[in-house]
Amino acid sequence: MTEESESASDVVRRERFSGGPARGFLSSMDADARIFAADLAVDRAHVVMLAEQGIVTDDEAATILAALESVEDAGFDALPDGEDVHAAIETAVIERVGDVGGKMHTARSRNDEVATCIRYRLREDVLDAVETTLGLREALAETASDHTETVMPGYTHLQPAQPTTVGHYLLSYEQAVARDTERLFDAYERVNRSPLGSAAFAGTPFDVDRERTAELLGFESVLDNSMDAVSTRDFLVEVVAALSNLATTVSGLAEDLIIFSNKGLVELSDDYASTSSIMPQKKNPDTLELVRATAGDASAGLNGLLTTLKGLPRAYNRDLQKATPHAWDTVDEVTEAVAVAAGAAATATWDEAALADAAGEGFSTATGVADLLAMQGVPFRKAHEMVAEAAEEGADYSALDSAAESVLGDSLDAYVERAAVEAALDPEKSAASRDSVGGPAPESVSETLSVAEAAIAADADALGDERAALDSAAEQLQTEVSRFA
Ligand code: ARG
């Protein structure tokens, strides 16, 4: 019951608008493989609702749902030719059960259908991205907990600035990625709304139950205005923007690890390094360089998306078909890069001796000496001037002493005990002295670490809740569908 079940005029019409030489150009079939499962779910929820509302009979619904089952079993690659997955699935249903299959598209359009499919699939992808951020945060927090006391150089403008601790450094990225997790969750909330039932944009005279299809598909709510619901791709922008921010955060981490390994402060695991085809001695940080470059892809995705969407008139335009792949590409690339960054961070070895040696380079303890004098009542600006002079003259105790004479008018020990100055010049003691909230001192790092661990656990719970909500909606849909079997 294939061609016979279609009326001759319908076949003629389909041939007429098949796209001619532009057929391949028009088609989104390749990209649509990604929403094949989503479209089947959307079809099922829609058909169940149509039956519940008496728009199709239970028998008709049962026939269509059985056909969808068979289409699913045959798989995406077995779909007939079509402009897109929505048209192809409908054709496949009609091929199997004849004209009644044509009732599946009652009270809807591909416009609300595709928007629903994208949101349905993207939810999973966003949750996967969230999960990889948690993996990275765990790797950073675990390594930080091994190194709350390990002193290292901290840099500004790539120059030695002040000694810090490895734990402090790693948690700086944990906290940044935590905000990326937060942004992804925030975007998720607005992805998780249903456009289904908006039809082409202008609603439908059928008595559809939009809340019901939203519920069957696990959406948190319904997008109200039907013209907005089919037109908007702001949810793609939000997700891709959050991912771009994440990729940018992680590119900084990758860059640091590349620099630290170049300085011999960190050794990357062989699993995350590469060698040269000609220079046998090389161990290159290629993997992290690719992580760093992913920020460029993400930014390109965001730009591509915004440029495609800019100035589109209401309501549906086929431009939207080209918006979606920017989101798929970005979510795939960034999620993979974050997972790789997590692996590289978790397996890198911090060379404590090299870090300790480097921590005092470039008179990085200078600020601590100035702070010490300021604590004795010397105006900070004067203390700064004095230590700056000592920096020029050898940056040791005797240089500080003569600078004190010339800038402050008295010997250094008139202001502060020699032992305190010696301690301030010691990188480890310097880091330990900065025990303000969020600072590099081991106790401050331990406190930040507890906060980070609690936040990771809370986010993991929230992720579990979202996944459970999707799973239970999928089960409910399955139950409703099987009632028609
Ligand atoms: N493949 C299309 C897309 O991704 C589906 C919607 C087609 N709608 C239309 N009015 N031509 O946007």
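Structure values in brief
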read-out	value
The range 105-117, subset aliphatic (A, V, I, L, M) and surrounded by 24 or more Cβ atoms within 10 Å (Cβ to Cβ), residue farthest from the ligand (Cβ to nearest atom)	Ala115
Hey, Arg96 in a helix (DSSP H, G or I) and at pLDDT 95 or above or not	yes
Hits in the range 333-362 - residues which are in contact with a Pro (Cβ under 8 Å, 6 or more places away or on another chain) and of a type outside the set (Gly, Ala, Ser)	Leu355, Glu361
Which listed residue, of Arg212, Arg179, is more than 16 Å from the ligand (Cβ to nearest atom), over 29 Å from Glu90 (Cβ atoms) and not aromatic (Phe, Trp, Tyr)	Arg179
Checklist (1) closer than 21 Å to Ser28 by Cα; (2) within 18 Å of the chain's Cα centre (by Cα); (3) among the small types (Gly, Ala, Ser) applied to Ala315, failing item	(2)
Verdict on Val334 being surrounded by 14 or more Cβ atoms within 10 Å (Cβ to Cβ), away from the ligand (no atom under 16 Å from the Cβ), over 24 Å from Asp32 (Cα atoms) and β-branched (Val, Ile, Thr)	no
Residue match in the range 43-66 (condition: within 23 Å of Pro325 (Cα to Cα) and not acidic (Asp, Glu))	no
Subset of the range 312-329 [surrounded by 14 or more Cβ atoms within 10 Å (Cβ to Cβ), assigned to a loop (DSSP other than H, G, I, E, B) and more than 10 Å from the ligand (Cβ to nearest atom)]	Leu312
Helices (runs of 4 or more DSSP H) enclosed by the range 392-485 - at least 1 residues per element that are under 29 Å from the mean Cα position of the chain (by Cα) and within 30 Å of Tyr169 (Cα to Cα)	442-482
Any hit, the range 352-359, residues being within 16 Å of the ligand (Cβ to nearest atom) and farther than 23 Å from Glu289 by Cβ	no
Every pair of residues 6+ apart whose Cβ atoms lie under 6 Å, when the first sits in the range 101-118 and is closer than 21 Å to Asn192 by Cβ while the second is within 9 Å of the ligand (Cβ to nearest atom) and not in a helix (DSSP H, G or I)	Asn111/Ala200; Asn111/Tyr316
Any hit, the range 22-34, residues being surrounded by fewer than 22 Cβ atoms within 10 Å (Cβ to Cβ), more than 17 Å from Thr324 (Cα to Cα), among the aliphatic types (A, V, I, L, M) and free of Cβ contacts under 8 Å to residues at least 12 places away in the same chain	yes
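The values are calculated or read from the model by the stated rules, or taken from the named source; none is laboratory data. Since the structure is predicted, the reported quantities are computational estimates derived from the model, not experimental observations. Cβ: placed from backbone, ideal geometry, glycine included. Neighbour counts: every protein chain shown.
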